[in-house]
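The values are calculated or read from the model by the stated rules, or taken from the named source; none is laboratory data. Being a predicted model, the structure only gives us computed values, none of them experimental. Using ideal geometry, Cβ is built from the backbone for each residue, glycine included, and neighbour counts are taken over all protein chains shown. Calculation scope for accessible area: heavy atoms of the full protein, side chains included, ligands and nucleic acids excluded. Shrake-Rupley method; radii C 1.70, N 1.55, O 1.52, S 1.80 Å.
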Amino acid sequence: MSFADTALTNVKFVPFWIDDASLEASEPVLAADIQTDLLIVGGGFTGLWTSILAKEENPDRDVVLIEANHIGHGASGRPGAIVSTSVMHGLSNAIRVFPNDLEELERLGHENMDGFMSAIERYKIDCDFEFGGELTVGIGSETDELLDEEFEINREHGHEVERLDEAGTKAQVNSPIFTGAVWSKKRSGTVHPGKLVHGLKKAALSLGVQIHENTPLVSADDLAGKVSVTTDSGSILANKVLLATNAFAAGHKRIKSRVALVRDRLLATEPLTAAQMKSIGWANRQGIYDTRTQMNYMRLTKDNRIIFGGRLGYFFAGDPDPAEDKTEMPYIRLAEAFHRTFPQLADVKISHAWSGPIGLTNRMAVHFQHYFGGKMIYAGGYSGFGVSASRFGARVGLAIADDKQLPELQLEFAKSEPGWIPPEPFRWFGAKVTLYAMDTMDEKGGWRQPWIRFVEKLGFPLT
Ligand SMILES: Cc1cc2nc3c(=O)[nH]c(=O)nc-3n(C[C@H](O)[C@H](O)[C@H](O)COP(=O)(O)OP(=O)(O)OC[C@H]3O[C@@H](n4cnc5c(N)ncnc54)[C@H](O)[C@@H]3O)c2cc1C
């Protein structure tokens, strides 16, 4: 039997972070017709931060949040949860998309991280925050140049970074495939997203936010200067609506023209023993990404499990809950990648496997869509990089909805939208060919390289 077959024998297809009965829905289904100043749709990080920021700013404001399922059901209960300062999917991406606003975006990222941390302290949210930093690791000496560049741009912009050679990298994390790294040491690390999302829910409730779980938005209409939202069992007439539905794109049929739902998969191991921990090192407990096209990312939990992610999938029409994703098949390749990364952990079992919806745009970072004359704003599309950036998305989305005159609202990121993405069935076809090319490019080359370059020309930075 292969490592994957053995390791996955007793796996649970449930996100490790929310495999806890105390995190189930606790708030009532909306069963009335109500009115409110601000309605937030979606109970992930973006929705919860919006509700908290709105109440902190004006405690008298009525704030209602509706969530289709339970709080943390979407990406927020499922990520790798490596936390970064950037609000634009990292410095290199910020340079790619908004080179003229780089300094200001960097400043906003630092400010966001300070606000993120101080709220966690203020609301006493116990979410296993660890500030080990981030390691970008290379696999193969051909990645040296990329790592050198990554190191230089981070250093130039004042980040505390260290360039590690192969021995230095292995001294940090003992994997036979890692050949070099850049270690960004400050203001980044890892968090327990299940505990964070539920801590934010408690904070929102303590501020008087009215939350309704199992209450999906069914329709939204512009009605006499307000927005009328219907659900299965009640309705809401709101002055303003913030759509925090990220990859689900619920709220307006046009959202999907800029946002594609792709899924990414993760595994959690059983807690490692002291001997197993010794065999991998990882004393500084960084969040780790590699630089490959079909990349892997990994981090430790407080009880020393390894969370190992990175196997993208696309389902027709961006199905947010595909049944065929809850079988062993898609996870076998991910388990094999884990085994190649840490062959010394051959006897470790995988306890949980799951996937989560990523709201992908060609900006690779948050954007804002305006509906009904600005009364309804969509804030989302973090493209897999939103655990802390969602607080920024919430703050800017709320300011746009409230028509505030903040200087950052004049920046390009707040005013523009990412590129158009073709509809189905072209989207499905393009996604399938691209995922196959990404998967096999490193071994097989051929037509894959030009195809990947073509997709990159459309604005999606795959390599
Ligand atoms: C596998 C994976 C790994 C990731 N890893 C990282 C990482 O390491 N670091 C990082 O920074 N980011 C990571 N991310 C990204 C990060 O998790 C997201 O950017 C962030 O959680 C987005 O939060 P959100 O509130 O905008 O969206 P979500 O958490 O998806 O919330 C949207 C909510 O809207 C609800 N909803 C949908 N339709 C309706 C409706 N009709 N009515 C009412 N509610 C509705 C959904 O149920 C959901 O709860 C990862 C994401 C995934 C999926």
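Quick notes
- Verdict on I306 being among the β-branched types (V, I, T) and outside the structural domain of A68 (by TED's automatic domain parsing): yes
- Number of residues in the range 134-184 that are part of a loop (DSSP other than H, G, I, E, B), polar (S, T, N, Q) and open to solvent by 70 Å² or more (accessible area, probe 1.4 Å): the value is 0.
- Residues satisfying the stated conditions in the range 307-322, i.e. under 18 Å from the mean Cα position of the chain (by Cα) and either part of a strand (DSSP E or B) or more than 14 Å from the ligand (Cβ to nearest atom) (or both): I307, F308, G309, G313
- Within the range 92-107, residues that are among the β-branched types (V, I, T) reach partners that are open to solvent by less than 60 Å² (accessible area, probe 1.4 Å) and part of a helix (DSSP H, G or I) with beta carbons closer than 7 Å, at six or more positions or on different chains, in the pairs I95/L102; I95/I153.
- Scan of the range 297-313 for residues that are open to solvent by less than 10 Å² (accessible area, probe 1.4 Å) and among the hydroxyl-bearing types (S, T, Y), ordered by number: T301
- For the range 402-463, the helices (runs of 4 or more DSSP H) that sit wholly inside it and include 1 or more residues that are within 30 Å of K226 (Cα to Cα) are 412-415.
- Any hit, the range 332-346, residues being under 30 Å from R254 (Cα atoms) and open to solvent by less than 30 Å² (accessible area, probe 1.4 Å): no
- If you filter the range 1-55 down to residues that are part of a helix (DSSP H, G or I) and touching an Asp or Glu at 6+ places or on another chain (Cβ under 8 Å), you find that the one that is modelled with the highest pLDDT is G47.
- A count restricted to the range 328-368 and to residues that are assigned to a loop (DSSP other than H, G, I, E, B), in contact (Cβ under 8 Å) with a residue 40 or more places away in the chain and not basic (K, R) stands at 9.
- Residue satisfying condition, being among the β-branched types (V, I, T) and more than 13 Å from the ligand (Cβ to nearest atom), within set T293, T361: T293
- Count - residues of the range 221-234 that are assigned to a strand (DSSP E or B), of a type in the set (S, T, Y) and open to solvent by 30 Å² or more (accessible area, probe 1.4 Å): 1
- Search result, residues across the range 42-79 that are within 6 Å of the ligand (Cβ to nearest atom) and surrounded by fewer than 24 Cβ atoms within 10 Å (Cβ to Cβ): A68, N69
- Residue within the range 117-127 that is within 15 Å of the ligand (Cβ to nearest atom), touching a His at 6+ places or on another chain (Cβ under 9 Å), open to solvent by 50 Å² or more (accessible area, probe 1.4 Å) and in contact (Cβ under 8 Å) with a residue 40 or more places away in the chain present: no
- A single member of S416, S390 is more than 19 Å from the chain's Cα centre (by Cα) and of a type in the set (S, T, Y), and it is S416.
- Residue check, R187 of a type in the set (K, R), under 30 Å from E103 (Cα atoms), more than 11 Å from the ligand (Cβ to nearest atom) and outside any loop (DSSP other than H, G, I, E, B): no
- The residue of the range 370-395 that is farthest from the ligand (Cβ to nearest atom), among those that are out of contact with any strand residue (DSSP E or B) (no Cβ under 7 Å at 6 or more places or on another chain) and in a loop (DSSP other than H, G, I, E, B), is F385.
- Set L237, L266, L242: member being within 13 Å of the ligand (Cβ to nearest atom), modelled with pLDDT of 95 or more, in a strand (DSSP E or B) and in the same structural domain as F385 (by TED's automatic domain parsing): L242
- Residue match in the range 384-394 (condition: free of Cβ contacts under 8 Å to residues at least 60 places away in the same chain, within 24 Å of R96 (Cβ to Cβ) and touching a Leu at 6+ places or on another chain (Cβ under 8 Å)): no
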